[in-house]
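Student: Got a structure for you, written out below as structure tokens; questions coming shortly.
All of the numbers you see were taken from the coordinates with simple rules; none came from a lab. Because the structure is a prediction, the values reported are computed rather than measured. A quick note on method: Cβ atoms are made from the backbone with ideal geometry, for glycine too, and the neighbour counts reach across all protein chains shown.
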Amino acid sequence: MWQTARPQSGGVPTNEPNPEKRYSPAVCLGSKVEKVTGSPDPKHISTSYVERQNLTMRMSMRRFTRLTNAFSKKLENHAAAVALYFMYYNFGRVHQTLRVTPAMQA
């Protein structure tokens, strides 16, 4: 779970000694361990697909490239922006290697 420090009076977080670090990444407050079950084929296990998709998303959506520009103040707005991007990526954008949209290829 990630959480950022909320500014108190004066616009500077009171729990941070150095106000110049206001736009640094958030501090990890904890994590959950969950068991995922299944029987995937070891020949098809690869992180390269996920890493490529993460890179494409970061390069295409400005809200993932910087901490201060185009960020979402609400989680609902962020989820809507990501959903809109994936809708465009799969149904509206003609991919160079496919020469059609992924939805048309499928």
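Student: In 5 Å bins starting at 0, how do the alpha-carbon pair distances of the stretch 23-79 split up by percent?
Tutor: 4, 13, 13, 17, 21, 16, 11, 6, 1
Student: How far apart, in nm, are the 7 Å Cα→Cβ label points at residue 95 and residue 58?
Tutor: 2.0 nm
Student: Sticking with this structure for a sec: Using the alpha-carbon centroid of each, what span in Å lies between the stretch 68-83 and the stretch 87-101?
Tutor: Measuring centre to centre over Cα atoms gives 23 Å.
Student: While we're on this one: Note down the Stokes-Einstein diffusion coefficient of the stretch 45-106 in µm²/s, whole number, using a Kirkwood radius over alpha carbon pairs, 25 °C, and 0.890 mPa s.
Tutor: Rounded, D is 188 µm²/s.
Student: Could you tell me the relative contact order of the stretch 20-100? Use alpha-carbon pairs under 8 Å, at least six residues apart, and round to a whole percent.
Tutor: Relative contact order for the stretch 20-100 comes out at 19 percent.
Student: Stretched out fully, how many nm does the piece from residue 88 to residue 36 gain, at 0.36 nm a residue minus the Cα gap?
Tutor: 15.7 nm
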